[in-house]
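Before any comments, here is the structure.
Where a number appears in this text, it was derived from the coordinates with a stated rule and is not lab data. Note that the structure is predicted; figures quoted are calculated from it, not measured. Note: ideal-geometry Cβ built from the backbone for every residue, glycine included; neighbour counts use all protein chains shown.
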Amino acid sequence: MRSSSRAETARLGVLVAFAMLLSYIEILLPLNIPALPGFKLGLANTVSAAAAVYMGLYAAFAVTFVRVLLTALLFGNVQSLIFSLSGALFSLAALCFSVLFLRGRVSFAGICMLCAAMHNTGQIVAAALVFSDSAPFRFLPALLIVSLFYGMCTGIVLNLSDRALSKLLKPRSTKNARTSIVSGREFDGAGGGARTDTGPEAPGTEHAFSEEPELEKTKKQGEDAGR
Amino acid sequence: MKRFVGDALIAAFIIAAAAALAICFFAGSAALCEADDLQLSVLVKDRHDSVSLSDDSVFVIESNGFEMTVVVRDGSVYVEKCDCPDQVCVHTKAISSAYQSIICAPAGIILKIEPKGEGDEIIVAG
C-alpha cells in the first residue's frame with residue numbers, strides 16, 4: 001500500500017472515530033424537546049460534511065456508512081440502524097447535491113443546514129414506513145426549523161475551523177491548492193510540488209468549493225505554456 | 001459574500017418548505033377543537049383500536065415486550081410511563097388536538113388523535 005493511501009486510510013479512521021464519539025455524546029445529552037420527540041443534533045453529520053469537502057464524496061460515503069453501522073452495533077439496535085441509515089442516505093444525497101451543484105455558492109453553514117434538514121426528513125420517512133402511517137410527518141415542519149438552527153450553528157463552527165481542517169484533511173502530496181470554503185482564497189502552507197501517483201482522482205477531490213476545478217486550471221496552464 | 005447569499009437562500013428554502021408543510025398538515029385540523037369531535041386511535045403493529053376522549057380513562061398497551069400506560073384526562077392524552085429504553089414517548093407533551101400523535105418506536109405504538117369516524121368503531125379499552 002502506498003504511503004498516500006495509508007495516510008488517507010488513517011485519516012478516514014480518525015474521522016470515523018470522531019463521528020462515533022459525537023454520536024455517543026449525542027446519546028448522553030438530555031435533549032428532550034416535548035414538541036419534537038426523539039430529536040437529535042446530528043453532530044456526526046458535520047464530520048461527513050468535512051470529509052466530503054476536503055477528501056471527496058467517496059470519503060464521505062465511507063465515513064458515514066461505517067459510522068452508522070458501528071454506532072448501531074455498539075449503542076443501538078436494528079430499528080435505530082434503520083432510522084440512522086435512512087437519515088444518513090438523505091443527508092448524503094444533500095451532500096452530493098451541494099458538492100456537485102453548489103460549488104462556490106455556499107459555505108459550510110449552507111451545507112450543514114441542508115444536510116440537517118434532509119437527515120431529519122430521512123428519519124421521518126423511515127418512521128412513516130416502519131409504522132405504515134403518516135403520523136410522523138406531522139413533526140416535520142417543526143423539525144425542519146430546529147434542524148435549520150442547529151445546522152447553521154455547526155456550519156459556522158466548520159467555517160471557523162476551515163483553515164485548520166484543510167491542513168489536517170487535505171493530502172499534502174497533491175498539487176491542488178487549499179481553497180477556503182468561506183472566502184475562496186488559497187491558503188499558504190505545506191503542499192504543492194510534484195504530485196505523487198495516487199491513481200485516478202475520485203470526483204470532488206479537488207477542493208469541492210473552489211471557484212474553478214483544479215484539472216481545468218492545469219489544462220489552461222499547459223495551453224499557456226505551449227504558446 | 002456570494003456564499004453567504006447562497007446560505008441565506010438555502011435557509012429561506014427550508015423555512016418555506018416547513019411553512020408549506022405546516023399549512024398542509026394543520027390547516028384542516030383547526031376547526032376540530034372540541035373533544036367530542038375527536039377520538040384517540042391506538043395503532044399497534046397491524047391492530048387499530050379507538051378510545052373516546054370524552055371519558056377519562058387509563059389503560060395499558062403491551063407491544064414488542066414493552067408496557068405503556070396511557071392516560072386520557074380532560075380531552076388530553078399522555079403517556080404516564082413506559083419501559084422502553086429511550087423514554088421519548090413519556091417526555092412527549094400531552095396531545096389534545098386533531099392529528100397530533102405520540103410515537104414509541106421501540107414498542108411500535110402510535111397514539112393519534114383523529115376526527116370521529118376516521119378509525120374503527122369506538123371501543124373503550126381499560
message = Using each residue's phi in the stretch B:37-46, evaluate 6.51 cos²θ - 1.76 cosθ + 1.60 at θ = phi - 60° and report the 3J(HN,Hα) Karplus result to the nearest Hz, with x for Gly and Pro.
response = 8, 10, 9, 9, 9, 10, 10, 10, 6, 9
inquiry  = Can you give me the distance in nm between label points at residue A:65 and residue B:1, each placed 7 Å from the Cα along the Cα-to-Cβ direction?
reply    = 4.3 nm
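For each of B:89, A:96, A:112, count neighbouring Cβ atoms within 10 Å of the residue's Cβ, then give the residues from fewest to most. Write out the running numbers ahead of the final one.
Working: B:89 25, A:96 16, A:112 35.
Ascending number of Cβ neighbours within 10 Å: A:96, B:89, A:112.
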ask   = To the nearest µm²/s, what D does Stokes-Einstein give for the stretch A:3-163 at 25 °C and 0.890 mPa s, using the Kirkwood radius over alpha carbon pairs as Rh?
value = 154 µm²/s
task = From other protein chains only, count the Cβ atoms within 10 Å of every residue's Cβ in A:114-126, then give the mean.
result = 1
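Using only alpha carbon positions, build the gyration tensor of the stretch A:38-79, then give the equivalent ellipsoid semi-axes as the square roots of 5 times its eigenvalues, largest first, whole angstrom.
On the way: eigenvalues 89, 33, 8 Å².
Working through the eigenvalues yields semi-axes of 21, 13, 6 Å.
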remark   = Length gained if residue A:73 through residue A:27 is fully extended, taking 0.36 nm per residue and subtracting the Cα-Cα distance, is 15.1 nm
query = How far apart, in nm, are the 7 Å Cα→Cβ label points at residue B:24 and residue A:58?
reply = 3.8 nm
ask   = In nanometres, what is the gap between the two model label sites at residue A:105 and residue B:17, each 7 Å from Cα along Cα-to-Cβ?
value = 1.5 nm
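Across peptide A:157-170, how many C-beta atoms of other chains are within 10 Å of each residue C-beta, on average?
Numbers: counts 0, 0, 3, 0, 0, 0, 0, 0, 0, 0, 0, 0, 0, 0.
Per-residue shielding by partner chains comes out at 0.
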